[in-house]
């Protein structure tokens, strides 16, 4: 863009906030030194004032900050510079996305085979892709890989995601806890199982990093992608205000990412390939759990499904792993827990049966005392 090229930015201003003279004074104080470099006009409409400013890209960009217009009384109806920046950014983003898609597909085919999409991609990403495919002509679907319908944020997630099957900052669902308990016979085994599932697994470390000689270079870029690319892309796609410095950072980051991707190996050694395939096998078992985790909305209501035998286990878990179980207090009736008993040895089964019989007898006695015994009803 040339410095001499002129751009128009136009606002509708509420007459309840300013009259024409007051708005002119507001412009003088807000724009300061750049005011003489701009062509400003204020026009009176029946319902509102129209503020029109014409200038080069540098001075129009400065107006976004200096004017400090409030959305409660100002509406941006025309923004030529913003539109030009979005068009420019879209081309940059498109080139970047193509580079990502090509690299992901090439690496994943080598390591996971042509069916890698079906075996490794989590359901939530597939669902979003399916929503796009449903709006696409069926004749075109056979000619395009699902990766071509994947959202940009999800492309980044496939490459950069670090995940734990059990996240440190979430409550464990009853279903997940029951699954872990069923695999353990001692608390030490339980502790080992939980720690293993809390281990952070990095798709980058497991697969993609093997294609780069300078791994640190990508790790730096990884942070820049989140700050300089994803946020800017949202603004471009949703027609939001865009700034010159954001486009400049986007262009710099995109160029650097594509440079690094071009330096990636075209193929892995036999040893690297074996390691990557082993990592993918492990990831494929746990990937779904990471993206499709069910976080309980009411942990207490679910905890009440457990019986008395699990109380000590929960207390040990809470003490050892500092799991946040909200609102636990002495008012909880632990004796009412009756589901998902912990693993037990064959020797204990008889005792459990006896206890169940005793509970049944107790219930029968209560029914007799209330006069609601089934025999009496008959």
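Values in this text are rule-based calculations from the coordinates and carry no lab data. These numbers were taken from a predicted model, which means no experiment stands behind them. Here the Cβ positions follow ideal geometry from the backbone for every residue, glycine too, while neighbour counts run over all protein chains shown.
What to note about this one:
- Taking label positions 7 Å along the Cα-Cβ direction at both residue 217 and residue 58, the computed distance is 3.4 nm, reported to one decimal.
- FRET efficiency for the pair residue 73 and residue 106, taken as 1/(1 + (r/R0)^6) with r the Cβ-Cβ distance and R0 = 41 Å, rounds to 0.20.
- Spacing of the two label points (7 Å from each Cα toward its C-beta) at residue 145 and residue 230, in nm: 2.2 nm
- Stretching residue 187 away from residue 275 to a fully extended chain increases their span by 28.5 nm, per 0.36 nm per residue minus the current alpha-carbon distance.
- Ordered by the count of other Cβ atoms within 10 Å of each Cβ, fewest first, 64, 90, 11 give 90, 64, 11.
- In terms of surrounding Cβ atoms within a 10 Å radius of their Cβ, 101, 248 rank from fewest to most as 248, 101.
- The length gained on full extension between residue 179 and residue 21, counted as 0.36 nm times the residue separation minus their Cα-Cα distance, comes to 49.7 nm.
- Chain lengthening between residue 80 and residue 198 when straightened (0.36 nm per residue, less Cα-Cα): 37.5 nm
- Here the spin labels are modelled as points 7 Å beyond Cα on the Cα-Cβ line, and at residue 136 and residue 255 they lie 3.2 nm apart.
- Here segment 7-72 was treated as a single set of alpha-carbon atoms; its pair distances binned every 10 Å from 0 give 21, 59, 20, 0 percent.
- Sorting the segments 220-228, 37-45 by their mean number of nearby beta carbons within 10 angstrom, highest to lowest, gives 220-228, 37-45.
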